[in-house]
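The next block holds one structure in the form of C-alpha cells; read it before the comments.
The values are calculated or read from the model by the stated rules, or taken from the named source; none is laboratory data. Bear in mind that the values here come from a model prediction, so they are computed numbers and not experimental data. Note that each Cβ is placed from the backbone with ideal geometry, even for glycine, and that neighbours are counted across all protein chains shown. These accessible areas exclude ligands, DNA and RNA; they are computed on the full protein's heavy atoms, side chains included. Shrake-Rupley method; radii C 1.70, N 1.55, O 1.52, S 1.80 Å.
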Amino acid sequence: MEAVFDAILVPFVEHIYVCSTNYGKKNGIESFSDIEETYQYICILLVMGIVQLPSKQDHFRTNSGYYNSYVSQLMTQERFETLSKSFSGSPDNLLTTEKLLNNLISIWQAIEHLSIDEIMTRFKGRCKYRQCIRGKPNSTGLKIFGGADKFGYLLYFWLYRGSDTLPLVEEELDHHNVGTKCVLKVVNETIENRSGDIIICADSYFGSLDLARAMNKHFDGIPYVFTLNKNRGGNAFKDVELDKTGDIFYTYNEEEKFSGLAVYDSKKCFFLQIIALQYLMFLGVDL
C-alpha cells in the first residue's frame, strides 16, 4: 500500500517543492527547507481534509478538545502558516502530470466499468484556467476531464485549458467534437489496463451518435452505454414521441452495431449502447 501511495504522491510533492521554492525566492517569502518538509506539509493537509475541524488552528492547539498530536509533532502552527504563504503549484507542468498519469495507470486495473465525466474542483484563487459552470455543486473552479472505475479510482485525467489545448489524439480522430475526443482519449489510454470486461459509460455531455460510431470503429467489441439528448441521436430517435410516464421506445441498428432506448421516467431519457449487450446497463457516471 505504501508503494501505491508513493507512486501517486511523489511526483506531486516534487512538483510542489520546486514551484513553492521558486515562488518564495521570487517574492522574498520563506519556503520549504527541503523535500522532507514538503512531505510533512502535504501530510498535514491530508489529515485536515480527512479530519475536518472548525478551524485549522484546532489541529495544533494543545488545550483544545480536538488536539491532534500527530500534526503538532510534524510541524508547529507558526511554521505551517509561514509555508502556506509560499505554497504554490503550476498546472502547466505537463511533465509532472504525465509522470503522475503513468503511475496512476500502472498500479491499478479498471474494474467493471469506466465512467467518463467532467469534474469541477472548487477553486476561487487566481488562475487563467478557472471556469464557472452554473448548476454545479462547485460552480467556480478548475475543470477536469477524467475516467474512473466502479471504486472511484481515477485512472486518467487532464485539466481543461481551453478547446485548443485538448489532449492530442490521432489525426483520424481530430474531426470529432470535444466530447467524443475526450471519451476516445480516456478509453485509448486506459483500455489495455483493465481487469476483465468493462463497460464504458458517459453522460449526455459526451453521448451522441457520433461517439457510438467512433467507439464501434476504433474500439470494436468494447461495451458502452451513453445517455444523450434526443437531437444528438441522429435518426435513432427522430420520430420518437414519449407522451406520458412509462412510455418506452426501443430501436437497434444491426449494421452500425448499436441499440437505442428512450424512456419517459421523471423526464425523457435517451440511451445508446453497443448492440452486443443483452440488456441496458444503468450505471452512474458522476465523478
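Within the set of pairs 6 or more residues apart or between chains, which connect a residue that is within 16 Å of residue 39 (Cα to Cα) and assigned to a loop (DSSP other than H, G, I, E, B) inside the range 49-78 to a residue that is β-branched (Val, Ile, Thr) and open to solvent by less than 100 Å² (accessible area, probe 1.4 Å) with Cβ atoms less than 9 Å apart?
Within 9 Å, the pairs are 75/44.
Out of the residues in the range 51-81 that are open to solvent by 60 Å² or more (accessible area, probe 1.4 Å) and β-branched (Val, Ile, Thr), state the one that is modelled with the highest pLDDT.
76
Before we move on, is residue 143 open to solvent by 30 Å² or more (accessible area, probe 1.4 Å), among the charged types (D, E, K, R) and more than 15 Å from residue 187 (Cβ to Cβ)?
no
Does residue 210 satisfy the criteria of being of a type in the set (Asp, Glu) and free of Cβ contacts under 8 Å to residues at least 12 places away in the same chain?
Against the criterion (of a type in the set (Asp, Glu) and free of Cβ contacts under 8 Å to residues at least 12 places away in the same chain), residue 210 does not qualify.
Residue check: is residue 32 buried (at least 16 other Cβ atoms within 10 Å of the Cβ) and in a helix (DSSP H, G or I)?
no
Go through (1) touching an Asp or Glu at 6+ places or on another chain (Cβ under 9 Å); (2) modelled with pLDDT under 85; (3) within 25 Å of residue 104 (Cβ to Cβ) and name the single condition residue 35 misses.
Every listed condition holds for residue 35 apart from (2).
For the range 114-140, how many residues are of a type outside the set (A, V, I, L, M), in contact (Cβ under 8 Å) with a residue 40 or more places away in the chain and open to solvent by 20 Å² or more (accessible area, probe 1.4 Å)?
The number of residues fulfilling the criteria is 1.
I need a count of the residues in the range 147-167 that are closer than 28 Å to residue 127 by Cα and either part of a loop (DSSP other than H, G, I, E, B) or modelled with pLDDT under 70 (or both).
The number of residues fulfilling the criteria is 10.
Residues are listed down the side, and each one gets a yes or a no for (1) at pLDDT 80 or above; (2) in a helix (DSSP H, G or I); (3) open to solvent by less than 40 Å² (accessible area, probe 1.4 Å):
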position	(1), (2), (3)
169	no, no, yes
175	no, no, no
180	yes, yes, yes
189	yes, yes, no
195	no, no, no
199	yes, no, yes
213	yes, yes, no
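Does residue 101 meet the test of being assigned to a helix (DSSP H, G or I) and either at pLDDT below 85 or in contact with a Lys or Arg (Cβ under 6 Å, 6 or more places away or on another chain) (or both)?
yes
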